[in-house]
Amino acid sequence: MLEHLRWRLTVWFVGLSVLLYVALSFSAVVVFNSGLNSVLDQELRGLAREVRPAIELSGPSPTLKAWAANAKREDLSFIATVQLFDPSGKLIEQYGPPAVPRLLMGSGPGGANTDTRVRSRYTDLKVGGTVVGFLQTQVSTKAKDNAMRQLIWTLLILAPFLLVGLGLCGYLYSGAAIKPTAESLGVLRRFVADAGHELNTPITVIQASVETLEKKLENVDNCANLLAMIRRASDRLSDLGHKLTLLAKLERPQFVPSMEPVQLDELVRTTVADFSSAFQAKGVTLTCKATTPIRSLANAESMQTLLSNLMENGLHYTESGGSVAVTLEERGGQVVMVFEDTGIGIPADSLQRIFERFYRVDKSRSRAVGGSGLGLAIVKAIVDAHKGSVRVESSLGQGSRFVVQLPFRSVTPVVARTNAGSNAAE
């Protein structure tokens, strides 16, 4: 499908480019021809101005014999033709190359006329207000026609090469143009596949547990464990659905989180306290450094979700005996949160994809600890919605360091507190 789209874009690009080339070529031919005609007309006007004072009008008919004799003595060559006509239009004298032996009067006195061979101009010769003849200058258009033919042939010869070049450029450009679409479709396909797998696992557990439960209903004591399995699987399924819904909401282009004054240091300490028992049960040391009061405009529920997801990430991937440290500070107009653990670390080739949906460095381990593969994607979406940034520094086997930077938005003395909970990220 994408390859077909790519070829269609290429054909459209080449077609439009060819039309543009034809239009520009036609315009170039017209402009070039007009420019050559203008040059020829200027030459004819200049010749007429030079010859006009030399015409003798005192005799029965205009003559240039004296001027011609002088030109012959000086061995002057004529590029254009000079002609004299009587009032009836009969040719009297002609000097220069062979030319059309008639008065070309199609454009009126002083105008330019052209047939298939020459470009000409003529002027009236008057004595006492009476026309006694005509002066006509002509020049062959052979050189101009050769130049026009050469231009047209050049444009025609260049056309196939241009067509091939445009086709290649169009194909490469269309490939770059559809690359984001291809990547989006790839992400969508992976999302559908992974979501189907993630949803299928707890559903399968529920179905198997229900079938077994139906067979053992007579033994009530054995039902407790099966019901607990069903509860855990359904909770996992519910959590996955909730996270998918939240992520879809956060990634909507039109989504704007509602802002309210949030005491971030208190929120960090509270979240750490909520997780302390889970860390203690696993044997992981949890420390928190958030003593500086920091009050900034943010979405409270989104901040709670961000903190919880990063805390869960540290808990899941830090072995017993390890440690997780959380720090919060305001630095250079930025609120900086750092989550540093001594866990299993992340390979270098996975760092660029760690915030993608459902991406797992170790799929078997992630499922064993109950991860959905959406926690860090939600963190990234929340940070982006707050116009901040998040990065990870990690080495395999040496732990990870997540750094979240959010713009510090100071709180004015009087703040109208809105119902942020209804618009916050859920």
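The values are calculated or read from the model by the stated rules, or taken from the named source; none is laboratory data. Here the structure is a predicted model, which is why all the values come from computation and not from measurement. Heads up, the Cβs are rebuilt from the backbone with ideal geometry, glycines too, and the neighbour counts pull from every protein chain shown. Side chains are part of the model used for accessible areas, which takes the heavy atoms of the whole protein and leaves out ligands, DNA and RNA. Shrake-Rupley method; radii C 1.70, N 1.55, O 1.52, S 1.80 Å.
For first residues located in segment 126-140 and touching a residue at least 12 places away in the same chain (Cβ under 8 Å) and more than 17 Å from residue 86 (Cβ to Cβ), partners that are in a loop (DSSP other than H, G, I, E, B) and open to solvent by 20 Å² or more (accessible area, probe 1.4 Å) and lie 6+ apart or on another chain with Cβ distances below 7 Å form the pairs 138/99; 139/79; 140/97; 140/117.
Has segment 333-341 got any residue that is in a helix (DSSP H, G or I), buried (at least 17 other Cβ atoms within 10 Å of the Cβ) and in contact with a Gly (Cβ under 8 Å, 6 or more places away or on another chain)? Checked segment 333-341: no residue is in a helix (DSSP H, G or I), buried (at least 17 other Cβ atoms within 10 Å of the Cβ) and in contact with a Gly (Cβ under 8 Å, 6 or more places away or on another chain). When residue 188 is tested against the conditions (1) open to solvent by 70 Å² or more (accessible area, probe 1.4 Å); (2) of a type in the set (A, V, I, L, M, F, W, C); (3) modelled with pLDDT of 85 or more, the lone failure is (3). Of the strands (runs of 3 or more DSSP E) that lie entirely inside segment 254-298, those containing 1 or more residues that are within 20 Å of residue 309 (Cα to Cα) and over 45 Å from the mean Cα position of the chain (by Cα) span 285-289. Note on segment 56-86: among residues that are among the polar types (S, T, N, Q) and assigned to a loop (DSSP other than H, G, I, E, B), the one that is modelled with the highest pLDDT is 61. Picking from residues in segment 345-372 that are among the small types (Gly, Ala, Ser), at pLDDT below 75 and in a loop (DSSP other than H, G, I, E, B), the one that is surrounded by the most Cβ atoms within 10 Å (Cβ to Cβ) is 372. Whenever a residue of segment 79-97 is on the phi > 0 side of the Ramachandran plot and surrounded by fewer than 16 Cβ atoms within 10 Å (Cβ to Cβ), its partners that are part of a loop (DSSP other than H, G, I, E, B) and of a type in the set (A, V, I, L, M, F, W, C), lying with C-beta atoms within less than 6 angstrom and at least six residues away or across chains, give the pairs 89/103. With respect to the conditions (1) in contact with a helix residue (DSSP H, G or I) (Cβ under 6 Å, 6 or more places away or on another chain); (2) within 23 Å of residue 276 (Cα to Cα); (3) open to solvent by 10 Å² or more (accessible area, probe 1.4 Å); (4) at pLDDT 90 or above, residue 390 lacks only one, and its number is (2).
Cβ-Cβ contacts under 6 Å between residues 6 or more apart (or on different chains), taken from a first residue in segment 389-405 that is among the aromatic types (Phe, Trp, Tyr) to a second residue that is part of a strand (DSSP E or B) and open to solvent by less than 50 Å² (accessible area, probe 1.4 Å), are listed as 402/339; 402/392.
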